[in-house]
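**Student:** For reference, the structure I am asking about is given below.
The values are calculated or read from the model by the stated rules, or taken from the named source; none is laboratory data. Everything quoted here is computed from the prediction, not taken from an experiment. Every residue, glycine among them, receives a Cβ derived from its backbone with ideal geometry; neighbour counts consider all protein chains shown. Ligands, DNA and RNA are stripped out before the accessible areas are found, and what is left, the full protein with its side chains, is counted by its heavy atoms. Shrake-Rupley method; radii C 1.70, N 1.55, O 1.52, S 1.80 Å.
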Amino acid sequence: MPVESLENNISLAIKGDQTAFTFLLNHFWNEVFNFILKRTGNEADAEDITIETFAKAFDKLISYNDTFAFNTWLIAIAKNVHIDLIRKRKNSRFIEINDDENQYYNNIADETPSIEDELIRKQNLNTLLNLIKLLKPHYQEVIQLRYFQELSYNEIAEILEEPLNNVKIKLLRARKLLMEIIMNYRNSNVD
């Protein structure tokens, strides 16, 4: 691809041009996805991290420094998203238990939520479902299929009878819009 074409599409994307976003996503998707797939060994995680990478990149596109290759910038974002996911999983899934007899610590998965945890989870889920209803129906559908029915991007493309890249873009936009709705909700409910 000519450098001028890439630079032009980056400039257009900064201005909010959806065709330029689509071009960048289509052009760099496989490179970012394959890089993360090698790191995770898990296709579902790699897809989620790649989507998150493009969402973050598009949100911060204005900060892109063109002295570096665009794909290098995307890969750096992908690495950070992956590290964040690892930290999040590590912090949320394990508790330390002290064995007084042997005086050592083990990491043991705590799979049993308390009653309070379960109530909070249900309240948060209800709030999230209500916020999802604020999205346009086609965005609600793609969120439902991906995150509640846990379908792959290919399965979603078959159900919606749309090209795979359209599904990826639609999910990217749906997540971005949902995050904006969630942030507005949080800001309006701050005491």
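**Student:** Give Lys79/Lys133; Lys38/Lys60; Lys60/Lys170; Lys38/Lys136 a once-over and call out the pairs whose C-alpha atoms are over 23 Å from each other.
**Tutor:** Lys79/Lys133; Lys38/Lys60; Lys38/Lys136
**Student:** Taking the Cβ-Cβ separation of Ser188 and Lys79 as r and a Förster radius of 30 Å, what is the calculated FRET efficiency to the nearest 0.05?
**Tutor:** Efficiency for this residue pair is about 0.30.
**Student:** In square angstrom, what is the accessible area per residue of segment 138-179 with a 1.4 angstrom probe?
**Tutor:** 53
**Student:** Also: Out of the total accessible area of segment 5-49 (probe 1.4 Å, heavy atoms of protein only), what percent is carbon and sulfur?
**Tutor:** Result for segment 5-49: 47 percent of the exposed heavy-atom area is carbon or sulfur.
**Student:** What do you reckon, how do Tyr185, Tyr153, Tyr64 stack up by accessible area (1.4 Å probe), largest on top?
**Tutor:** Sorted by accessible area, descending: Tyr185, Tyr64, Tyr153.
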